[in-house]
């Protein structure tokens, strides 16, 4: 069992937890992910590691409730436990393997969307610890859904934007990238993590701007160790497994349209299970009156 | 009774079982087992034992079944095998023990597999456990992977008195016995879990959720956690795809994914939160045991299922019994047929598989006649799901993170067949990680050989 040291709801539907997982905490690096299961019958849920404490043997995870399994996870409180935590999985961010001198010469821009701020954080923090302050754009639908502003502002030059203009700059993250560039900023590398659609449009823009871009893919997966192949993504003319070859890939080579279609694979099944959860036995097909 | 024929084993009716996940074969009862055992002529020079990769003393255990002393029979099997309830169910006996049986020359061989299964199930139902070691050696051995190779190696080492810990990457122990082979062929809680409990009762510890190569490396296990020897039984987990157009369409799965969802994650049960696609028309590409398992799973989930295989029935690598069961249940075999493209609709969902007819040409290096395309014979099978079952290869995660561990060009770990010794001192390997995808019993044989190798190594250390 993997004890939850602290749990809280950061903003509506986005949860933050510190979990005891000594083997993961000892080895993980920014960019890697883990898989959790709530109880002995639960689905395996992959989550990017948001922070880690090697000394205390803990990792931090942040997730949004989107289906039955994440809704179950959200019910866990401080002192409860996950049935399983396994990791670290995937390859660490490329930055980790780049010599510090080389990184110091680079101007790096991070772009985070919504809950994607969580996986961006350890990378920005890691750079900051090495003496590199990167620029970071954090986008949120609205002010009330913005997460980790304080944490991010400590480790980066932070630009916050909201889609509805309720806080910080106004508009999508792509607009902020355009603005920063037209304000005279020059970037050698962009790391974008967020909803697939956001990453697609960031990559499209940075391609036009000539900024090499890394994205972190979060496709459907089962084992996370290369066994099932559910997480196939097309990168250039190759098919890769996000779990072992990624999760980070060259954003200019990813086939986002295919990746987004693949994310829909179990929408019907998931929707049905969610109805079961929210409406009990009353409403999950078979009545003949509805679909 | 006709001594030339096996006592028939009871099975679930094909029509009934095609709609459930309960075990197909119901096994012998005591009378049937004793009657079958009485057919054994107890050869002095027992050929059956030579056909058994773990060399169970087959005539001796059958003799005890004949006498009705099932507990004694179990004791005899346990000396050689840690997983008799599994082997009795999934071993290809027809090409091993039963293939060598003298009775089989004129008539049918003794039903050794079904007898083994009966003995193991009897022991399990009556709480009979294998004997733990009396003296401990005080030396730690790590076993990587809790599949048939790892469980066997761990069980044997524990019986010798070693302090054994198995590291398993998934959340549940059992390896391919749990994620690969379906419930209807190998019941999980009634059979696999009990066999694993037996291995644990020998003193073996199992730590799940540890991925060697990621969570910790072999070098760290030896240098930091005090393990004096390591056995790698990590299997062949990586799925192969064909590399044809359309393979990333929605509705194309590896057999590994499909079976893992259904078996390990229990997605066949609608109550499981893990989803699975219940196709209406499914093509399973491949002709091995895994293909049969995937096909029969899809059938039970309500689909019309086609096996698409490029050679003819004679070359099907699956066990004859599995092919026979699949046919009885209504699986359609499209033989001498090879996919060339997977077709999809505008939303990216599979809506057909384009195939080409094949004919058999000259024998290839495997000795089987090579399938050759018949020009212009392309046709489309309407399907909404495609399951690729083309074999698996070892995961490079361990070999790429262990200093000084040699692999061959197929990424299989190079290990001595005799004793499992690898290029790295103190590190042994066996099973699919060494041979590439093979059978449960061959993996067990390798686990057994490596346990002996490790014992010799540690005794001389």
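Only the coordinates and a few stated rules stand behind these numbers; no lab work does. Everything numeric in this text was worked out from a predicted model, so none of it was measured. Neighbour counts run over all protein chains shown; Cβ positions are idealised from the backbone, glycine included.
Here are some notes:
- Alpha carbon convex hull of the stretch B:390-461, projected area averaged over orientations, nm²: 4.9 nm²
- Cubic angstrom per residue, convex hull over Cα atoms of the stretch A:158-291: 170 Å³
- Overall shape of the stretch A:99-152 was characterised from the C-alpha gyration tensor. The equivalent ellipsoid obtained from it has semi-axes of 24, 10, 8 Å, in decreasing order.
- When peptides A:40-50, A:77-87, B:8-18, A:224-234 are ranked by their average number of other Cβ atoms within 10 Å per residue, the highest-first order is A:224-234, A:40-50, A:77-87, B:8-18.
- Rg and Dmax of the stretch B:320-461, both derived from C-alpha coordinates alone, stand at 21.6, 66 Å.
- Kirkwood radius for the stretch B:257-386, taken over all pairs of different Cα atoms as the inverse mean of 1/r, rounds to 15.5 Å.
- Helices in chain B, meaning DSSP H runs of at least 4 residues, each add -39500 (n - 2.57). Divided by all residues, the mean residue ellipticity at 222 nm is -9000 deg cm²/dmol.
- Choice from A:52, A:15, A:266 showing the highest fluctuation, given a GNM over chain A with Cα pairs closer than 10 Å: A:266
- The mean number of Cβ atoms from other chains found within 10 Å of a Cβ in peptide B:346-352 is 2, as a whole number.
- Fewest-first ranking of B:365, A:149, using other Cβ atoms within 10 Å as the exposure measure: B:365, A:149
- Stretchable slack from residue A:128 to residue A:75, in nm (0.36 nm times residue separation minus alpha-carbon distance): 15.7 nm
- Summary of the geometry: the stretch A:179-195 and the stretch B:266-318, compared by the centres of their Cα atoms, lie 47 Å apart.
- Relative counts (whole %) of C-alpha pair distances in the stretch B:242-297, using bins that are 5 Å wide: 4, 18, 28, 25, 17, 6, 2, 0
- Principal axis dimensions, the stretch B:1-125 - Cα atoms, whole angstrom, descending: 45, 32, 26
- FRET efficiency for residue A:185 and residue B:401, using Cβ-Cβ distance with R0 set to 45 Å, rounded to 0.05: 0.70
- The per residue volume of the convex hull around the alpha-carbon atoms of the stretch A:1-151 is 108 Å³.
- Based on Cα contacts under 8 Å between residues 6+ apart, chain B shows a relative contact order of 15 percent.
- Legend: Rg and Dmax of the stretch B:35-191, from Cα coordinates, 16.4, 52 Å.
- Spacing of the two label points (7 Å from each Cα toward its C-beta) at residue B:136 and residue B:102, in nm: 4.7 nm
- Pairs of Cα atoms in the protein assembly as shown fall into 10 Å distance bins, from 0 up to the last occupied one, in shares of 3, 13, 22, 24, 20, 12, 5, 2, 0, 0 percent.
- Stokes-Einstein D for the stretch A:1-48, Kirkwood Rh over Cα pairs, 37 °C, 0.692 mPa s (µm²/s): 269 µm²/s
- Cα centroid of the stretch A:73-116 to Cα centroid of the stretch B:1-45, whole Å: 55 Å
- Inverse of mean 1/r across different Cα pairs in chain B, Kirkwood, Å: 23.1 Å
- D (Stokes-Einstein, µm²/s), Kirkwood Cα radius, the stretch B:153-220, 1.306 mPa s at 10 °C: 122 µm²/s
- Over 19 Å [Cα-Cα, the stretch A:118-224], rounded percent: 46 percent
- Take B:137-147, B:24-34, B:91-101 and order them by the average number of nearby Cβ atoms within 10 Å per residue, most first; the result is B:137-147, B:91-101, B:24-34.
- Compactness index (Cα Rg / 2.2 N^0.38 Å), the stretch B:153-274: 1.26
- Average silhouette area of the stretch B:75-134, convex hull of alpha-carbon atoms, in square nanometres: 4.6 nm²
- Taking every alpha-carbon pair under 8 Å whose residues sit at least 6 apart, chain A reaches a relative contact order of 15 percent.
- Normalised by 2.2 N^0.38 Å, where N counts its residues, the alpha-carbon radius of gyration of the stretch A:178-237 equals 1.41.
- Radius of gyration and Dmax over the Cα atoms of the stretch B:1-46, both given in Å: 14.5, 46
- Estimated translational D of chain A in µm²/s (Stokes, Kirkwood radius over Cα pairs; 25 °C; 0.890 mPa s): 124 µm²/s
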